[in-house]
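Computed from the coordinates by the stated procedures, all read-outs in this text should not be read as laboratory data. Since the structure is predicted, the reported quantities are computational estimates derived from the model, not experimental observations. Cβ coordinates were reconstructed from backbone atoms using ideal geometry, including for glycine residues, and neighbour counts include every protein chain displayed.
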Amino acid sequence: MKNLCLLGSTGSIGRQTLDIIKRHGNYKVVSLAANRKIDILEEQIEEFLPRKVCVFDEEKAGILAKRLKHNSIEVLSGMDGLLELAGDTENELTVTAMVGMIGIKPTIAAINAGSDVALANKETLVTAGHIIIPLVKEKKIKLFPIDSEHSAIFQCLQGKYGPNGDYSSWTGDPLIEKILLTCSGGPFRGKSYEELKKMTAADALKHPNWLMGPKITIDSSTLVNKALEVMEAKWLFNVNVDDIQVVIQPKSIIHSAVQFIDGSIIAQIGVPDMRLPIQYALYYPERLPLDCGRIDLFELAKIEFDKPDYNVFKGLKMGIDAAKNGGSICTVFNAANEYAVGQFLNGNIGFTDIYDIIEFCMDNHKNIPEPCLNEILSAETEATENAIKFIKNKGFKSYVRKEAE
Ligand code: MG
């Protein structure tokens, strides 16, 4: 039995992680952290009996503490609570499934505590890949991707050409010519920029293939998610951004592929079900049974590919440019988007305003090539402030009204 710390247990990835553990065992859930969904967390506590839990929202943490029947279970809150959970040296695997840049510090704490990490929080590598990967090497822990595309690439490398989870002596593989990062194209594939302007949060939340949380579903509709994944792939597989090609494959059957120097391409194919990458990360190098659907190649008949339209999906272009530059501009790209998506989900701004906000924040940032953690967090604050400034200057009605309340 391995001790498992699960950060972000009530979200989509967190719940599926517990589902997988229930099927295959081998893990003792020692700690769980959630943002504010204490009803779901309470059920998870009853079932898995962790030693400690953290509710990020302080008020909700207080409510949960009073409700719990097991007084031996410690209820913590805030960033301090997250860091205490993640920094426990008895953790053997930490699953980081929280949404957003909030995941950076706990991920660093987990690595410092010597725990292996199954990474579902892409913001960590996007903003701090230059800190995380060297730290992973230094602490000799294992790092497994949960993001479906990166799990696919990891599977294509078959533990032979890739980092094998173990980065301690891995410096990249010259046999990898190119990473083919697939993308469904989202619900607005084929639309013009003018049409995109009219899209609402309800339209954007209808992803054609994947069931995911709201933030990532919006990111998938803007293709910002794919830009973040380019950054993630760059760090995980030690490749140049120019050697990562985004390929639209609308049905999300091919989850990504690797092209080798002899021209051979190895792809990972399967139904779009996040439990597969989660299970692969948790039980690597074993391949265990999973009752997800099966691909019927005869029914599938043909697989379509397309190039992304960088003029329409401007977020993808801006993100890839940021990835090429590296440095704090990646944080600005991510933080501006994170803020803008929140405003879009609340109905305060329009769909393409997300792109305009990212552009404004990037234009107003002086890039720092290798930012330290404090500089990363300052870049986040700066981007958020600039995003607010942009929204105010534009005079979005609902935003002003909300602010006055
Ligand atoms: Mg993905």
Fewest first, what order do SER378, SER221, SER256 take by the number of other Cβ atoms within 10 Å?
SER378, SER256, SER221
Helical mean residue ellipticity (222 nm; -39500 (n - 2.57) per DSSP H run of 4+; nearest 500) of the chain:
-14500 deg cm²/dmol
Beyond a 20 Å Cα-Cα separation, which of these cross-linked pairs lie in this structure: LYS105/LYS137; LYS52/LYS140; LYS22/LYS215; LYS105/LYS314; LYS317/LYS392; LYS105/LYS317?
LYS52/LYS140; LYS22/LYS215; LYS105/LYS314; LYS317/LYS392; LYS105/LYS317
For a quick protection proxy, order the peptides 95-104, 152-161 by their average other-Cβ count within 10 Å, most packed first.
95-104, 152-161
Under 17 Å between alpha carbons, and skipping anything fewer than 8 positions from LYS197 in its own chain: which aspartates and glutamates qualify?
ASP219, ASP309, ASP353, ASP356, GLU359
Can you compute the charge dipole magnitude of the chain about its Cα centre, using +1 on each Lys and Arg Cβ and -1 on each Asp and Glu Cβ, nothing else charged? Give it in debye, rounded to the nearest 20.
500
Please report the relative contact order for segment 326-392, taking Cα pairs under 8 Å with a sequence separation of at least 6, and give it as a percent rounded to a whole number.
49
Take every DSSP beta bridge whose two residues both sit in segment 165-320, then give the antiparallel share in percent to the nearest 5.
65
In nm, to one decimal, how far is the modelled label at ARG51 from the one at LEU297, with both set 7 Å along Cα→Cβ?
4.9
Measuring from label point to label point, each 7 Å out along Cα→Cβ, what is the HIS24 to MET79 span in nm?
3.4
Determine the relative contact order of the chain: mean sequence separation of Cα pairs under 8 Å and six or more apart, normalised by residue count, in whole percent.
13
Between ASN346 and TRP170, what is the label-point separation in nm under the 7 Å Cα-to-beta-carbon projection?
4.0
Mean Cβ-within-10 Å packing, highest first, puts peptides 21-29, 346-354 in the order 346-354, 21-29
Considering only DSSP states other than H, G, I, E and B, which chymotrypsin sites (Phe, Trp or Tyr not before Pro) in segment 264-333 qualify as loop sites with at most 13 other Cβ atoms within 10 Å?
PHE305
Listed pairs LYS178/LYS226; LYS206/LYS389; LYS178/LYS198 exceeding 25 Å between Cα atoms
LYS206/LYS389; LYS178/LYS198
With a Förster distance of 22 angstrom and the Cβ-Cβ distance between ASP306 and LYS206, calculated FRET efficiency to the nearest 0.05 equals 0.65
When the charge dipole of the chain is computed with +1 on Lys and Arg Cβ and -1 on Asp and Glu Cβ about the Cα centre, the Cα farthest towards its positive end, among PHE154, THR171, PRO208, belongs to PRO208
Going by C-beta contacts inside 10 Å, put TYR339, TYR193 in order with the fewest on the left.
TYR193, TYR339
